[in-house]
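Comments concern the structure below.
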Amino acid sequence: MILIVDDRPENILPLKKILELHRFDVDTAESGEEALKKILKNDYSVIVLDVQMPGMDGFEVASTLAGFGRSRDTSIIFLSAVNTDKQFITKGYTAGAADYLVKPVDPDILAMKVRTFQKLYEQQQELRAVQASLQQEIEVRKRVEAALAERVQGLQAVLASLPQMAFMLTPTGQIEYVNEHWFNYAPDAHTMPEIHPDDDFWSCLDSAFEVGKKFTCEVRLHELATGSWCHHLARIVPVYQHEVLIRWIGTFTDIHAQKEANEVLEEQVAERTAELMLKNAELERTNTELQQFTWVVSHDLKEPLRKIQLLNDTIKERFLHENPDAVSYLERSIRASARMSELIKDLLSFAQLSAPEPFEPTDLNALLTELLLDYDESIARAKAIVTVGDLPTIDAIPTRLRQVFQNLIGNALKFAKLTVPPVITIQAERIATKEIDAGPDPDGQFYRFVVEDNGIGFDEKFLSRIFVIFQRLHSQSSYEGTGIGLAIAKKNIDKHHGLITARSHPGDGASFIIVLPVKQSI
């Protein structure tokens, strides 16, 4: 059974429906405390756990579950729409999570992960059952071995009670005793069952006899009543008395049903894999069609906008010199058209980010030099000072990294203080690992880039919002923009298998930190 834990019923309902559509049994809880009470009473294979909840949050619930023996095999999947930073994800895994997903969650991905963890849970339960069975069998064997020296007849009685085929061999391999299950596969008590010629039983037995050690292998035995080949697990153990081998004890355990179940399961997994591959191909086709649609729509929208702007400018210049009110309204219309044109351009850029492009060695010094030429007029008008350190050459998609630095430099100029000229610095440092705060390493496989300004800054509590499309921290009237620029930067950095974050305080400027690999592996 799957347990969904979230303090919002509107979040629980879609998750419950998704999992029920995939034929999962689902239970729900609306707080950490309620979830713990249910876990004490019921067994759950997977817990889908929201991070942010009043009272006990998701991390506290996971930490508490770590002490429950009942839930030791239960996998926890954290869900969060807010706590998506690395520190929270790390905290989630430290608390005992098997996975950490960021909302909104793809339904197929969620269902696939739940199915995987449920399968793992079932396998763990089966393994524990097998371990318990093996432990019980070992205890039986110990009692039998202790009694062998004194009473062989007692040992035979124990072997006779086993559900497996049981037998004893002399040190030289002659059959000494068999139980009644033996005769389902052998014609008499002195003949070994017929073993499938493709199975390597006899060579394993000979090797075990040579070294005097136990062995285990799978074999197929010919069943006399049906004439079919049945899978068995053969175990043969030597019995020593005073370091002298006195006999061998063996069993054939019927595992035919288990083998057939495994084969069916493997077929189902193969079928599901094929279905997922078809789904992926379909998604790729849909994504391509969507990109083409976005480009066409954007192109068709731009054309009438250009005409609107041209006509508005013409009306303003030719007919409205003596009507200041009309000029004011027309200028608003012109500005609105320009904003809409910019929004269409940014949306088209964002939609095109999914298109595959090859990585190539890129000199970032040359890239920044060319980019700053485009900002000459803006830099001069703002009396800005831009300092660029020695930048490396890395594997990149030049147009995508140009977009990243273009947005960061543009934002630094846009969000400058009114009375203080902007000061922008861009630096790079080679580091050891793919971490924001990794230590410097001249031979490291990553570079950390810092774009720092002295602008108005922002409160870091809004850090999770600034890289989300259409999320703005300032009103349109205060600062122009579409709210897409940093979302484009984030998506481009993700495409480069890197990291991006920011550090800032209101009034103290902002530092945007980027970590990128020197070489791209794919």
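What follows draws every value from the coordinates through simple rules; no lab data is involved. It should be emphasised that the depicted structure is a prediction, and the values quoted were computed from it without experimental measurement. Cβ sites come from the backbone with ideal geometry, for glycine too, and all protein chains shown count toward neighbours.
Near Gln52, the amide H atoms lying under 5 Å from its own belong to Gly58; only residues 5 or more places off or on other chains count, and H is placed 1.01 Å from N. The H on the amide N of Ile397, modeled in the peptide plane, is under 5 Å from the matching H of Glu360, each at least 5 residues off or on a different chain. Is there a pair in Lys38/Lys103; Lys17/Lys38; Lys17/Lys490; Lys113/Lys461; Lys91/Lys279; Lys119/Lys214 whose C-alpha atoms are over 27 Å apart, and which pairs would that be? Result: Lys17/Lys490; Lys113/Lys461; Lys91/Lys279; Lys119/Lys214 exceed 27 Å. Sorting 366-377, 131-142 by their mean Cβ neighbour count within 10 Å, with the most densely packed peptide first, gives 366-377, 131-142.
Compared with the direct C-alpha span, the chain from Gln135 to Lys214 gains 26.8 nm at full extension, assuming 0.36 nm per residue.
Taking a straight line from the alpha carbon of Lys383, these aspartates and glutamates sit under 16 Å away, with near neighbours fewer than eight places off in the same chain left out: Asp374, Asp453.
The amide H of Thr28, built 1.01 Å from its N in the peptide plane, has Ile4 as neighbours under 5 Å, considering only residues 5 or more places off or on other chains. The phi-based Karplus calculation (6.51 cos²θ - 1.76 cosθ + 1.60; θ = phi - 60°) puts the 3J(HN,Hα) values of the stretch 42-58 at 10, 9, 10, 7, 9, 10, 8, 10, 6, 6, 8, 9, x, x, 7, 7, x Hz, whole numbers, x for Gly and Pro. Rounded to the nearest whole Hz, the Karplus-based 3J(HN,Hα) values (6.51 cos²θ - 1.76 cosθ + 1.60, θ = phi - 60°) of the stretch 276-282 follow the sequence 5, 5, 5, 4, 4, 4, 5, with x at glycine and proline. Full extension of the chain segment joining Asp494 with Glu260 gains 79.8 nm, where the gain is 0.36 nm per residue of separation less the Cα-Cα distance.
Taking the Cα centre of the stretch 49-108 as origin and assigning +1 to Lys and Arg Cβ atoms and -1 to Asp and Glu Cβ atoms, the resulting dipole is close to 200 debye.
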